[in-house]
Amino acid sequence: MAASAARAHLETVLRARKLDRTLTTSLPVSPHDAWSHAPTGLPLVDAQLDGGFPRGQLSEVVGPRSSGRTSLLLAALAAATMRDEVVALIDALDVFDAESAKTAGILLDRLLWVRGQRLADSSIIRPSLTREYGGFQQAIDRALKATGLVLEAGNFGVVALDLADMPEIVVRRIPFTTWMRLHRLIEGSQTVCVLLGTDSMARSSAGLTLALSNTSVWARPRSAPAGRPLGIGPGSPFGHSHPTTTGLFADLRIDLRVIRARGGKESSAPCRLTARA
Amino acid sequence: MFACLYAPPPPITADHDPPIEPGDALMSIARDFSPRIEAHGSRLVTLDVSGLDRLLGPPRVVGEELRRTAADRRLGVHVAVSASRTTAALIAQGRAGLTIVAPGNEAQALAPLPLTLLIEGSVVSAVPPALDAAALVTTLKRWGLRTLGDFAALPAGPLSARLGAAGAVWQRVARGEDAGPLVPSMPDERFEASLDLEWPIDGLEPLSFVLGRLLDPVCARLEQRDRGAAALHVRLRLVTRETHERSLQWPAPIRDPRALRTLALLDLESHPAPAGVDRIAVAIDPTPSRVLQFSLLARARPSPERLTTLIARLSALMGENRVGGVGLLDSHRPGAFDMTAFTASVERSPNTSATRRSTAGGTISRGDATRALVDPGVVTSIARPSETPDPPAVTETDSAGLRQALRRFRRPIPARVSVEQGRPVRVATDRRGLAGGRVEICVGPWRTSGDWWRLPGTQQPLHSARAEGAAGGAHGRIDQAGAVPETDGAAWASDTTGGFGVRGSAMAAVRPSSAPAVRAERAVGRPTDFAWNRDEWDVALSDGVAYRLSCDRDLDRWFIDGIID
């Protein structure tokens, strides 16, 4: 009796703090409720996420380089802009490509782009730990402040913080309270805050972690002979003559896992996506 | 009780000089006696003198004071005082000197005045325009009437039957009855404030306190007048007797004093005063405030005021031109973009489409079709950016609908690339975190070049097609077969928007590095901002990372342009 009373009291407290989504007794969220979730526009991903990124929560998309993190993020931003939402991208190291965004379908007039300072070449070519990491530290501090300002302004559909190229040692120095403060800014709102990184950084209790693994298979076009590099014909210093061996890697295979989803649901098998050129 | 001042026009002189309009002088005289004044043109002013009898005396004394004041300011005026402002205005225009009309005698005072006063007098603002005064007077004269008394004596019923409701209104005017209340003319209000400091201040914190003190009452007056600030001008007088001025403008009016102070401080933080400040003045350009009705059905968006503040704060944090919207440029330069003003537009862009199509085999695609594979002996042209297809729609049959994205380095990273048989086989860099490795897969090259026809640092073309003797300009464009039409080696167009192609034999004559300035700039090994000539490769290394490489053909150096992620 005492245990059940304590549990009931705990559930009441969680509901009062709007953390009731973590309860096993909470009502299932409708997967098609666009007001509680921000769909990514990718049916397979939205099916894994039960509708999309949960609103008012801090989620993250993590994975190594060339695992499709940026592609997935741009797809989510594009879906948001197509829903007449205003989105923001805090680009800590100024690596955003406008052409890729346009290709992904982002309505650029609804995207607020906050560009961080690209680090000077000297601090990278001649790495001095203090100077180089000091530069990264300054960039990440500014990016976090900018994210806080954007979240305080409110009414953004999706706010993305791109820390994908930040060294792990710098990201690990971010206090956990920083992520709690960011979550508090969007708690109860319609804003989705997505972090983009290499390793898991932080997420709110009802947020999601999308882990992209670097087991991508670079599909070779059909016409490329086995054992021969793509796009190069014999005797040609430049290119080939076959018109079908064109374009970038035809398919970028992405393995996606949803970690620690709501309600204890966790995808056991990776979901394979295909990113086309 | 109303008084009316009328400044008759001076007689026409022989030199035909235009008469001086006494508008401001009349208004000034009237404001000295009453705050409720109404101007009817530049020569007639009506003022409400109710209550002046306790200050000055009976109406005749008030009228004498008005005449004396006008005479002191060298202005000859006719003055009329009456209980009806219509009577006062008509009598002031019809009789010279000072005329006092006792209450109840308005019709009797107006009776002998001519009908033409209805045309000249502009005091009847409430008369409906259905019946023009000139047409009315013409009709009345045709009936044999000459004075206002004759018109006022007509029976109202038959008059209305003949002239309509407008005729009845005019008859009331002829009797001296007011058609409407006096509408005071409000002076142009200036929203300014200034403060002389007892000792100079230096720094933003004390400046914040003073700005708040100045902006609070100004914003309160803005709110009373239902105005917003379209622009804020901050003028700081320095101890060096110089003036440091900053002007801020916003797309939407703001009247929140805290928001104005924050925006001013953010701007002053970016553009600080070079010395101490001993006087601060602020001025606001008012504009009517907006009434916004947000939809209850649409998703909320940041308000313009909050967005303005946010962008100002972000700009102060990240730097100028680092925050805003992004737009693609009409250029063949890879990754060309421009920062634009971000307004959170809700209008759907006409160039967007919800449709997507799958990539077909054989189609040159990276979503933008701006690159073409190099065919030996033929340099293909580059498709126009305007020909970029719309992004495809996500269909149920599409497995993911994802499009590959590039993380572009603003300044490409130098790389050491080992080349075998014309293709990269190993990539290495000095960049921490980009170790490189053996090339597993490579695709390319795509040859691209452009802007070599521009002078360094300008938009001026290096040479024009006409100077080269081009016959109508030769545009090298790729045809469907992938071949470039025959062109004269020297005949080609400096077309910045179209395709550009040239036969291989003519390439030596048109190499971008032929321009001395270009060679000098590129000799230092830096990719220039105005010309490029390169081969691009997409490679996947043994570490599992895909890069976009580019080889500067002039410098014969390799760079990493970005990471495909």
Selected residue (criterion: farthest from the other protein chains (Cβ to nearest Cβ)) from residues of the stretch A:179-205 that are surrounded by fewer than 18 Cβ atoms within 10 Å (Cβ to Cβ) and farther than 26 Å from B:Ala344 by Cβ: A:Ser205
Filter result (within 10 Å of chain B (Cβ to nearest Cβ) and outside any loop (DSSP other than H, G, I, E, B)) within the stretch A:152-166: A:Glu152, A:Ala153, A:Asp162
Conditions (1) of a type in the set (D, E, K, R); (2) open to solvent by less than 40 Å² (accessible area, probe 1.4 Å); (3) assigned to a helix (DSSP H, G or I): number failed by B:Arg60: (2)
Residue within the stretch B:155-172 that is touching a residue at least 40 places away in the same chain (Cβ under 8 Å), within 29 Å of B:Thr309 (Cβ to Cβ) and not in a loop (DSSP other than H, G, I, E, B) present: no
Members of the stretch B:73-95 found to be touching a residue at least 60 places away in the same chain (Cβ under 8 Å) and surrounded by fewer than 18 Cβ atoms within 10 Å (Cβ to Cβ), listed by number: B:Leu75, B:Gly76
Matching helices (runs of 4 or more DSSP H) fully within the stretch A:31-115 where at least 1 residues are touching a residue at least 12 places away in the same chain (Cβ under 8 Å) and either in contact with a His (Cβ under 7 Å, 6 or more places away or on another chain) or more than 8 Å from every other protein chain (Cβ to nearest Cβ) (or both): A:43-48, A:69-82
Residues (farther than 24 Å from A:Ser66 by Cβ and open to solvent by less than 80 Å² (accessible area, probe 1.4 Å)) located in the stretch A:161-177: A:Ile174, A:Pro175
Residue count, the stretch B:261-309 (criterion: of a type outside the set (Val, Ile, Thr) and either part of a helix (DSSP H, G or I) or over 30 Å from A:Gln190 (Cβ atoms) (or both)): 26
Residue match in the stretch B:509-527 (condition: modelled with pLDDT under 50 and under 30 Å from A:Ala104 (Cα atoms)): yes
Residue identified as farther than 17 Å from A:Gly105 by Cα, facing another protein chain (nearest Cβ under 7 Å), modelled with pLDDT under 90 and assigned to a loop (DSSP other than H, G, I, E, B) among B:Gly335, B:Gly361: B:Gly361
Qualifying positions in the stretch B:425-446 - modelled with pLDDT of 90 or more and either within 7 Å of chain A (Cβ to nearest Cβ) or more than 30 Å from A:Arg115 (Cβ to Cβ) (or both): B:Val425, B:Arg426, B:Arg438, B:Val439
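The values are calculated or read from the model by the stated rules, or taken from the named source; none is laboratory data. Fair warning: this is a prediction, and the values are worked out from it, not measured in the lab. Note that each Cβ is placed from the backbone with ideal geometry, even for glycine, and that neighbours are counted across all protein chains shown. The accessibility values were calculated without ligands, DNA or RNA, using every heavy atom of the protein model including side chains. Shrake-Rupley method; radii C 1.70, N 1.55, O 1.52, S 1.80 Å.
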